[in-house]
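A.B. asks: Below you'll find the structure I mean.
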Amino acid sequence: MAQKTKQAKINVQDQLKKVEEQFETFQILNEEGEVVNEAAMPDLSDEQLQELMRRMVYTRILDQRSISLNRQGRLGFYAPTAGQEASQIASQYALEKEDFILPGYRDVPQIVWHGLPLWQAFLFSRGHFKGNQIPEDVNVISPQIIIGAQYIQAAGVALGLKKRGKKAVAITYTGDGGTSQGDFYEGINFAGAFKAPAIFIVQNNRFAISTPVDLQSASKTLAQKGVAAGIPGIQVDGMDALAVYTAVKEARERAINGEGPTLIETLTYRYGPHTMAGDDPTRYRTSEMDNEWELKDPLVRFRKFLESKKLWNEELENETIEKAKDDIKEAIKLADAEPKQKVTDLIEIMYEEMPYNLKEQYEIYKEKESK
Ligand SMILES: Cc1ncc(C[n+]2csc(CCOP(=O)(O)OP(=O)(O)O)c2C)c(N)n1
Ligand SMILES: [Mg+2]
């Protein structure tokens, strides 16, 4: 005989529902490029709006060229970015040069726009150590491959900035899958406890390789994971450059005013495969889903918005495309001109003073490489 469920004394369903309802998606531009939230419009000049568009178009070309260079065997590791431009480029655009970026493997565009020369980004892709020798005045670290690890590092960098009295933030990125990692929770919790000036971005592109986000977590939104750390969590339309920009800009202001970190979930989509190492998205995504997301495209939407203000046209678009292609050609030439890395290079750059066991190996390799 089935047991009768006892009347619960605590309404847990209601409690959870109330929390979930707090996380509405923040949007400024709809899919048609129309302003649907005038009050939230960021304070950007016409030139700044054009620059944001220019960077997104440029980055789309960089993605297309990187994919083809990878297929030609001229690049190594590459994680495609098309579809995620608003989430990536508009979030970086809200930063200042003194802010630190701690990227994941898909976040190469943000560090390039923050100042990493493109030829070095190409060398990073090839696994060449010169790709990780970030110029002194560029506040970025190398892209992290270990999912979520950069969240902890960002909390530390942010605390360091605070202790030194800097008016700057540390921003880091992970994916929807990354929010299942222990490092994710440790990072946001630590930053929350110390009111560290950090911005934690979760680029929710719906999949962790082939695992859909609703199998990844029972959490209705990923933004609400901030609640447990006592920090604000915001869900943003990640295909809307103006919404992403505004959310990050405000998070930055709160952070440098001593109000602590923010978690920002950007709802986005990667059009391409997970990486260029053999992933086939048709095995886990339907073409209906792809089409639905392509209608939300961040470039199409922002282009419509700018065209309605007479701030964008075909000529500007083509100029940007040509500039991107020229820069990429030049950068790949520079990357090719870099001498092939040797084992002795790796030993030389590792320690200020070489330990004795490495010295022995160094001599062996020096001898081998001289032949
Ligand atoms: C700690 C760790 N576990 C597993 C992997 C293998 N791995 C690489 S990417 C990935 C999926 C990540 O998905 P998500 O966080 O959603 O980011 P996305 O690739 O979609 O941008 C996994 C499991 C890894 N790199 N690090
Ligand atoms: Mg993902």
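A.B. asks: Could you tell me which numbered condition GLU186 fails, if it satisfies all but one of (1) in contact (Cβ under 8 Å) with a residue 40 or more places away in the chain; (2) away from ligand 1 (no atom under 12 Å from the Cβ)?
C.D. replies: It fails just one condition, (1).
A.B. asks: Next up: Considering region 33-53 alone, what residues qualify as being surrounded by fewer than 16 Cβ atoms within 10 Å (Cβ to Cβ) and either outside the structural domain of LEU295 (by TED's automatic domain parsing) or under 17 Å from GLU85 (Cα atoms) (or both)?
C.D. replies: Matches in region 33-53: GLN48, GLU51.
A.B. asks: State which residue is surrounded by the most Cβ atoms within 10 Å (Cβ to Cβ) when the search covers only region 228-252 and only residues that are assigned to a helix (DSSP H, G or I) and among the β-branched types (Val, Ile, Thr). Full working, then the answer.
C.D. replies: Start the filter on region 228-252 by keeping residues that are assigned to a helix (DSSP H, G or I), which leaves 228-229, 241-252.
Subsequent filtering for residues that are among the β-branched types (Val, Ile, Thr) retains 244, 246, 248.
Working: VAL244: 31, THR246: 23, VAL248: 27.
Of everything passing the filter in region 228-252, VAL244 is surrounded by the most Cβ atoms within 10 Å (Cβ to Cβ).
A.B. asks: Taking region 7-56 as the search range and keeping residues that are among the small types (Gly, Ala, Ser) and modelled with pLDDT of 95 or more, which one is nearest to VAL248 (Cα to Cα)?
C.D. replies: Let us first name the residues in region 7-56 that are among the small types (Gly, Ala, Ser), namely 8, 33, 39-40, 45.
Among the residues that remain, those that are also modelled with pLDDT of 95 or more are: 33, 39-40, 45.
Values: GLY33: 20, ALA39: 16, ALA40: 13, SER45: 17 Å.
Top of the filtered list is ALA40.
A.B. asks: Here's a follow-up. So which of ALA255, ALA223 ends up being crowded, with 24+ Cβ neighbours inside 10 Å and within 17 Å of LEU95 (Cα to Cα)? Outline the logic, then answer.
C.D. replies: On the way: ALA223 fails: within 17 Å of LEU95 (Cα to Cα).
That would be ALA255, the only listed residue that is crowded, with 24+ Cβ neighbours inside 10 Å and within 17 Å of LEU95 (Cα to Cα).
A.B. asks: If you go through region 188-202, how many residues are more than 29 Å from PRO298 (Cα to Cα) and within 16 Å of ligand 2 (Cβ to nearest atom)?
C.D. replies: Taking region 188-202 first, the residues more than 29 Å from PRO298 (Cα to Cα) are 189-196.
Narrowing the set further to residues that are within 16 Å of ligand 2 (Cβ to nearest atom) leaves none.
Looking only at that region, the number is 0.
Here's the yes/no breakdown for (1) closer than 22 Å to LYS163 by Cβ; (2) touching a Phe, Trp or Tyr at 6+ places or on another chain (Cβ under 6 Å); (3) within 16 Å of ligand 2 (Cβ to nearest atom):
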site: TYR173; (1), (2), (3): no, no, yes
site: SER180; (1), (2), (3): no, no, yes
site: GLU186; (1), (2), (3): yes, no, no
site: ASN204; (1), (2), (3): no, no, yes
site: VAL213; (1), (2), (3): no, no, yes
site: VAL227; (1), (2), (3): no, no, no
site: GLY230; (1), (2), (3): yes, no, no
site: GLY233; (1), (2), (3): no, no, no
site: ARG252; (1), (2), (3): yes, no, no
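A.B. asks: Are any residues in region 64-91 assigned to a helix (DSSP H, G or I), within 16 Å of ligand 1 (Cβ to nearest atom) and under 28 Å from ALA247 (Cα atoms), and if so, which ones?
C.D. replies: Once the filter is applied, which keeps residues that are assigned to a helix (DSSP H, G or I), within 16 Å of ligand 1 (Cβ to nearest atom) and under 28 Å from ALA247 (Cα atoms), region 64-91 yields GLU85, ALA86, SER87, GLN88, ILE89, SER91.
A.B. asks: Which condition does ALA218 not pass, out of (1) surrounded by fewer than 18 Cβ atoms within 10 Å (Cβ to Cβ); (2) within 13 Å of ligand 1 (Cβ to nearest atom); (3) in a loop (DSSP other than H, G, I, E, B); (4) of a type outside the set (Phe, Trp, Tyr), if it passes all the others?
C.D. replies: Failing condition for ALA218: (2).
A.B. asks: On to the next question. Of the residues that make up region 176-184, is at least one closer than 14 Å to GLY104 by Cα, β-branched (Val, Ile, Thr) and either in contact with a Pro (Cβ under 8 Å, 6 or more places away or on another chain) or in the same structural domain as LEU215 (by TED's automatic domain parsing) (or both)?
C.D. replies: Yes - at least one qualifying residue is present in region 176-184.
A.B. asks: May I pose another question? Looking at region 120-143, can you tell me whether even one residue there is within 16 Å of ligand 2 (Cβ to nearest atom) and either in contact (Cβ under 8 Å) with a residue 40 or more places away in the chain or within 27 Å of THR246 (Cβ to Cβ) (or both)?
C.D. replies: Taking region 120-143 first, the residues within 16 Å of ligand 2 (Cβ to nearest atom) are 143.
Going one step further and asking which of them are either in contact (Cβ under 8 Å) with a residue 40 or more places away in the chain or within 27 Å of THR246 (Cβ to Cβ) (or both), we end up with 143.
Yes.
Rundown of residues vs (1) more than 16 Å from ligand 1 (Cβ to nearest atom); (2) surrounded by fewer than 18 Cβ atoms within 10 Å (Cβ to Cβ); (3) on the phi < 0 side of the Ramachandran plot; (4) at pLDDT below 95, yes/no style:
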| site | (1), (2), (3), (4) |
| --- | --- |
| LYS130 | yes, yes, yes, no |
| ASN139 | yes, no, yes, no |
| PRO143 | no, no, yes, no |
| ALA154 | no, no, yes, no |
| VAL169 | yes, no, yes, no |
| GLY178 | no, no, yes, no |
| ILE209 | no, yes, no, no |
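Condition check ((1) among the β-branched types (Val, Ile, Thr); (2) more than 16 Å from ligand 1 (Cβ to nearest atom); (3) farther than 26 Å from TYR105 by Cβ) across all residues:
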position	(1), (2), (3)
ALA229	no, yes, no
ALA241	no, yes, no
ARG252	no, yes, no
GLU259	no, yes, yes
PRO273	no, no, no
MET276	no, no, no
ASP279	no, no, no
GLU294	no, yes, no
ARG303	no, yes, yes
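The values are calculated or read from the model by the stated rules, or taken from the named source; none is laboratory data. As the structure is a computational prediction, the values presented were derived from the model and not from experiment. Because the Cβ atoms are built from the backbone with ideal geometry, glycine has one as well, and the counts that use them run over all protein chains shown.
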